[in-house]
Amino acid sequence: MLNQKMQKAINEQINKEFYSEYLYLSMAAYLEDQGLSGMANFMKVQAEEERFHAMKFFDYVNERGGRVFLKQIDQPEEEFDSVLAVFENSLEHEQFVTKSINELMDIAIEINDHATRSFLNWYVDEQVEEEDTFCNIVYQLKLIDGKGNGLLMMDKEMAGRTFTPPASE
Ligand code: FEO
């Protein structure tokens, strides 16, 4: 049976993961509007990943005999200063999510919930990947300094991203 404090914290995390889905979709809409459909595709796939993260928590709560409560999802940002700003915001957002996952882990450790600790390890590893992905894109965008050719090459490359459920599933 899932501890009440743990359940409440995971429910809050489910909301953050759905917000992440919404945020990346909003970024996809902005990028489409900028004529960068490859980058928009990248963000749509990212949004699918976030939904996967949310549903993995959703299923876990149920598996442990807990109860999922869905809360209102905040409105995401709609406008961005530049393509670089989109990806810098994404990186910042992922750093925020990492902090949040770490706080969940702190609770699991505090209450000796070994099952949740084991479950959360997947997210700890996933966040390393998430931050690394956005960090590399920010680095590349800075390297090309917003120049047309480089941007179009990155856009083309990012058009190839597809959603595949993470390997551990
Ligand atoms: Fe669900 Fe991008 O972390």
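The values are calculated or read from the model by the stated rules, or taken from the named source; none is laboratory data. Computed from a predicted structure; not experimentally measured. We place every Cβ from the backbone using ideal geometry, glycine too, and count neighbours over all the protein chains shown. What goes into the accessible areas is simple: the full protein's heavy atoms, side chains included, and nothing from ligands, DNA or RNA. Shrake-Rupley method; radii C 1.70, N 1.55, O 1.52, S 1.80 Å.
Stretching the chain fully between N121 and Q34 yields a gain of 27.6 nm (0.36 nm per residue, less the alpha carbon separation).
Give me the accessible area per residue for the chain, probe 1.4 Å, as a whole number in Å².
Details: 9330 Å² over 169 residues.
For the chain, the solvent-accessible area averages 55 Å² per residue.
Debye calculation, C-alpha points only, no solvent: report log10 I(q)/I(0) for the stretch 66-123 at q = 0.19, 0.20, 0.26 Å⁻¹, in the same order as the q values. Evaluating at q = 0.19, 0.20, 0.26 Å⁻¹ gives log10 I(q)/I(0) of -0.86, -0.90, -1.07.
In whole percents, the pair-distance distribution calculated for the stretch 115-157 from its alpha-carbon pairs, binned every 10 Å from zero, is 25, 33, 21, 15, 6. Each of E63 and E92 was given a label point 7 Å from its Cα along the Cα-to-Cβ line. The distance between the two points is 3.5 nm. Once the C-beta distance of D106 and D145 is scaled by a Förster radius of 41 Å, the resulting FRET efficiency is 0.55 to the nearest 0.05. Relative to the current alpha-carbon distance between M153 and E79, full extension at 0.36 nm per residue lengthens the span by 24.3 nm. Averaging 1/r over every pair of different alpha carbons in the stretch 6-81 and inverting the result gives a Kirkwood radius of 13.2 Å. Between F52 and E12, the modelled labels are 2.7 nm apart [label points 7 Å from Cα along Cα→Cβ]. Close lysine pairs were tallied over the stretch 1-157: pairs 8 or more places apart or on different chains with Cα atoms under 22 Å apart number 19.
Which is the longest stretch in the chain that no exposed loop site breaks, taking sites as chymotrypsin sites (Phe, Trp or Tyr not before Pro) with a DSSP loop state and at most 14 other Cβ atoms within 10 Å? Each step should come with its number before you reach the end.
On the way: sites that count: F69, F163.
Result for the longest clean stretch: 70-162.
Using the alpha-carbon centroid of each, what span in Å lies between the stretch 120-140 and the stretch 69-103? Measuring centre to centre over Cα atoms gives 13 Å.
Diffusion of the chain by Stokes-Einstein, at 10 °C in a medium of 1.306 mPa s and with Rh set to the Kirkwood radius over alpha-carbon pairs, works out to 94 µm²/s.
Within the stretch 23-93, list the GluC sites (Glu not before Pro) lying in a DSSP loop whose Cβ has at most 14 other Cβ atoms in a 10 Å radius.
Working: sites: E32, E48, E49, E50, E63, E77, E78, E79, E88, E92; in loops: E77, E78, E79.
Filter output for the stretch 23-93: E77, E78, E79.
Starting from the coordinates of the alpha-carbon atoms of the stretch 72-169, obtain the Kirkwood hydrodynamic radius over all distinct pairs and give the value in Å to one decimal. With all distinct Cα pairs of the stretch 72-169 included, I get 15.9 Å.
Largest to smallest in accessible area, the residues T98, T133 fall in the order T133, T98 (1.4 Å probe, all protein chains included). With helices as the sole contributors, the chain gives -26500 deg cm²/dmol at 222 nm; each DSSP H run of n ≥ 4 counts as -39500 (n - 2.57), and the sum is divided by every residue.
Given charges of +1 on the Cβ of Lys and Arg and -1 on the Cβ of Asp and Glu, with all other atoms neutral, how large is the dipole of the stretch 53-169 about its Cα centre, in debye to the nearest 20?
In total the dipole reaches around 300 debye.
Computed from Cα atoms, the angle from the helix 83-110 axis to the main principal axis of the chain rounds to 10 degrees. Electrostatic tally near K5: other residues with Cβ closer than 15 Å to its Cβ, Lys and Arg +1, Asp and Glu -1, net -1.
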